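Visitor: Submitted below is the structure of interest, expressed as structure tokens.
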Amino acid sequence: MSVVLIGWLNCAAVRAAEPPARAIDSIAMTVSDVDVSRAFFERVLDFQFVSDNEVSGTAYEHLYGVFGVRLRTVTLKLGDERLQLQEFIAPRGRPIPVDLSANDGAFQHVAIIVSDMDRAFARLRDARVSFASMGPQVLPASIPAAAGIAAFYFRDPDGHYLEILHFPADKGDSKWRQHPGRLFLGIDHTAIVVADTEASLGFYRDTLGMAVVGTSENFGTEQEHLNAVFGARLRITALRAAHGPGVELLEYLAPRNGRHMPADTRANDVWFWHVNYSADAHEIERLMRARHGSMISPGIVAEVGAMMISDPDGHASLMSQSPRSP
């Protein structure tokens, strides 16, 4: 067999093995007033404006599962990562419950990497953000996978949880140590509360094809004060696609009293987030139907080449059809 033919077969095998979810392009959150949210992320967290787009019509009703939709999306970037702020001009959804807890099923956040925790925390204090942690917490050596990581939870104007995170020299992607003069560097991952890690892996690993890149069991006073959940003990599983930020599964081993995602959650509710993927949407649709997964869209919406689905806990993902890698 010729070297050329062997090379072609090897390339074909790589393409055939390419996972259905190829990249996370951005993370999206529903907001009540996109101009207020944009000002917050730009002024306080140094995000930069990318685009402002407004859509409506039947295709978007089917995509988001919301009738009569008119949607305005502002896309921002921080470093290499993008965040979408989505305001449903019509119909309006419900606000985030004031008592949403970090162990509730509706919890989701983005972890924003900072080059200096003290300076970043001072910036947030000066901006008078709403604290969700009592202050920055440094995770102890008793949690080897997370030892030395500093983190702080706070809230945006709508009450969404956000996190700033600082990695010690021996943890995190090397790109977080390449930051000429910048304080806020980019988005490392989005974190979601899940009821059962194995069930969630059936979605993110086995259906989407994401890779598990790290696990940890976090506990102790620092973790409790970070999450503001007394007695918090978490099983944490980090997953990544080939490109883009990761997804982190947070299963509360204790306490087990978090509330489930409301069963009637819709995309226009302000606690709604979704992750935007470039993907083989047709393969994911096939797998979702074969495994009786939860579909928000009726299927792939041909006009936009995308569909929205949800994981076992109701966290949403938008799959946009993309070609195979060359």
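Visitor: Consider Val304 carefully, then state whether it is under 23 Å from Gly57 (Cα atoms), modelled with pLDDT of 95 or more and in contact with a Leu (Cβ under 8 Å, 6 or more places away or on another chain).
Guide: Against the criterion (under 23 Å from Gly57 (Cα atoms), modelled with pLDDT of 95 or more and in contact with a Leu (Cβ under 8 Å, 6 or more places away or on another chain)), Val304 qualifies.
Visitor: Given the residues Arg82, Arg43, which is the only one that is of a type in the set (Lys, Arg) and farther than 18 Å from His274 by Cβ?
Guide: Checking each option against the conditions leaves just Arg43.
Visitor: Which number in (1) in contact (Cβ under 8 Å) with a residue 12 or more places away in the chain; (2) assigned to a helix (DSSP H, G or I); (3) closer than 21 Å to Glu163 by Cβ marks the one condition that Ala59 misses?
Guide: So the condition that Ala59 fails would be (3).
Visitor: Conditions first: (1) within 17 Å of the chain's Cα centre (by Cα); (2) closer than 22 Å to Ala211 by Cβ. Arg155 passes all but one, so which condition is the exception?
Guide: (2)
Visitor: Among the listed residues Ser310, Ser317, which satisfies the condition of being within 14 Å of the chain's Cα centre (by Cα), crowded, with 21+ Cβ neighbours inside 10 Å and among the polar types (S, T, N, Q)?
Guide: Ser317
Visitor: Shifting gears a bit: What's the total number of residues in the range 184-234 that are among the aliphatic types (A, V, I, L, M) and either farther than 22 Å from Gly244 by Cβ or modelled with pLDDT under 95 (or both)?
Guide: Going through the range 184-234 one residue at a time, the tally reaches 7.
Visitor: Here are the criteria: (1) surrounded by 18 or more Cβ atoms within 10 Å (Cβ to Cβ); (2) more than 19 Å from Leu239 (Cβ to Cβ); (3) in contact (Cβ under 8 Å) with a residue 60 or more places away in the chain. Tell me which single one Gly186 does not satisfy.
Guide: In the conditions (1) surrounded by 18 or more Cβ atoms within 10 Å (Cβ to Cβ); (2) more than 19 Å from Leu239 (Cβ to Cβ); (3) in contact (Cβ under 8 Å) with a residue 60 or more places away in the chain, Gly186 misses (2) alone.
Visitor: Which one is surrounded by the fewest Cβ atoms within 10 Å (Cβ to Cβ), of the residues in the range 241-263 that are more than 26 Å from Pro95 (Cα to Cα) and touching a residue at least 40 places away in the same chain (Cβ under 8 Å)?
Guide: His243
Visitor: Among the residues of the range 204-218, which ones are under 18 Å from Asp313 (Cα atoms), charged (D, E, K, R) and in contact (Cβ under 8 Å) with a residue 24 or more places away in the chain?
Guide: Within the range 204-218, just Arg205 meets the criteria.
Visitor: Could I ask something else about it? What are the residues in the range 119-177 that are of a type in the set (Asp, Glu), surrounded by 18 or more Cβ atoms within 10 Å (Cβ to Cβ) and assigned to a loop (DSSP other than H, G, I, E, B), if any?
Guide: Asp156, Asp158
The values are calculated or read from the model by the stated rules, or taken from the named source; none is laboratory data. No experiment lies behind these values; they were computed from the predicted model shown. Quick reminder, even Gly has a Cβ in these numbers, built from the backbone with ideal geometry, and neighbours come from all protein chains shown.
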